[in-house]
Amino acid sequence: MSLVLVADPIAEDGLAILRPYARIEFAAANSDAFKLQLPLAEALLVRSETHVTADMLDAGRRLRVIGRAGAGVDTIDVDAATARGIVVVNAPGGNAVAAAEHSLALMFALARRVAAADASMKRGEWSRSAYVGSELTGKTLGLVGLGRVGSEVARRALGLDMRVLVFDPYVPDEHARHLGLEPVELDALLEAADIVSMHVPLTPATRGILSSAAIARMRQGALLVNCARGGLVDESALLAALDEGRLGGAGIDVYVR
């Protein structure tokens, strides 16, 4: 039986599909067990925690496929895998709804100042008027990327009566308009949006797409949500914009590693 080496936590429902056809072993990528099992494995299954490097691929001399249980493959050296004849696959739609709902949750939390109000309460304060917040209804949302997650966010934002702008050079303008969205260039989106939400993979073309200059184009008091990839945003420039009060807040669950 072929050996599938699993380096990150994977739901048993997914592994159950493989069990009739392969022997499954679990080992964290930084463990001695992983180093012992990798040369014997024909498949490697990872999530976002494991970075698959060229050196790792050299050690996995029997590898035929690397599976990423998630949307991106930026944690895998795809060029090195391709050079060795190893197929790299991922599951881009598996968590689209969850990621979209999480993005909306962060937007609500930012708009209603939930975290700041919670921190105030824990300090023993009761400053209701200081944390009134604002409504999402009627606000302009700018989506950078209209893939599976971006599309799910757009559908829900329209249900909140938000105006939705979208920048995605790979999506025809007609498709965006058919969905009730407004296709625009990135600069126009940044200048008009009350909230900017990132929904693109991390590639050479998108790395640093929200640069210092791009952040400077955002509206005074605008909010930023990034549930995609940390490398999309210049983190130092974002922190400076928040410290200076130019942006109203940021909801971030990814960061540069």
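The values are calculated or read from the model by the stated rules, or taken from the named source; none is laboratory data. Keep in mind that this is a model prediction, so the values were computed, not measured. When we count neighbours, we look across all protein chains shown, and the Cβ atoms used for this are built from the backbone with ideal geometry, even at glycine. Each accessible area value is taken on the protein alone, full model and side chains, heavy atoms only, with ligands, DNA and RNA left out. Shrake-Rupley method; radii C 1.70, N 1.55, O 1.52, S 1.80 Å.
Quick notes on this structure:
- Those residues of region 170-179 which are over 27 Å from R257 (Cβ atoms), free of Cβ contacts under 8 Å to residues at least 24 places away in the same chain and either part of a loop (DSSP other than H, G, I, E, B) or among the basic types (K, R) (or both), in sequence order: P172, R177
- The criterion of at least 1 residues that are surrounded by fewer than 21 Cβ atoms within 10 Å (Cβ to Cβ) is met by the following strands (runs of 3 or more DSSP E) wholly inside region 188-257: 247-252.
- Filtered residue count, region 8-58, keeping only those that are farther than 20 Å from T82 by Cβ, of a type in the set (G, A, S) and either modelled with pLDDT of 95 or more or open to solvent by less than 60 Å² (accessible area, probe 1.4 Å) (or both): 9
- Any hit, region 168-176, residues being at negative phi, open to solvent by less than 70 Å² (accessible area, probe 1.4 Å) and of a type in the set (S, T, Y): no
- Residue match in region 125-138 (condition: surrounded by 16 or more Cβ atoms within 10 Å (Cβ to Cβ) and in contact with a strand residue (DSSP E or B) (Cβ under 9 Å, 6 or more places away or on another chain)): yes
- Scan of region 29-66 for residues that are among the small types (G, A, S) and more than 10 Å from V6 (Cβ to Cβ), ordered by number: A29, S31, A33, S48, A54, A59, G60
- Residue match in region 241-250 (condition: touching a Leu at 6+ places or on another chain (Cβ under 7 Å), modelled with pLDDT of 95 or more and more than 21 Å from L104 (Cβ to Cβ)): yes
- Residue within region 121-142 that is under 17 Å from A176 (Cβ atoms), touching a His at 6+ places or on another chain (Cβ under 9 Å), modelled with pLDDT of 95 or more and not hydroxyl-bearing (S, T, Y) present: no
- Criterion (without any contact (Cβ under 8 Å) to a residue 40 or more places away in the chain and either charged (D, E, K, R) or in contact with an Asp or Glu (Cβ under 7 Å, 6 or more places away or on another chain) (or both)) met by exactly one of G208, G145, G221: G208
- Some residue of region 157-167 being aromatic (F, W, Y) and either surrounded by fewer than 18 Cβ atoms within 10 Å (Cβ to Cβ) or assigned to a loop (DSSP other than H, G, I, E, B) (or both): no
- Here region 112-141 is the region considered, the condition is being of a type in the set (K, R) and touching a residue at least 12 places away in the same chain (Cβ under 8 Å), and the residue that is farthest from G159 (Cα to Cα) is R113.
- Where helices (runs of 4 or more DSSP H) fall entirely within region 1-91, those with at least 3 residues that are farther than 29 Å from T206 by Cα are at 12-18, 32-37.
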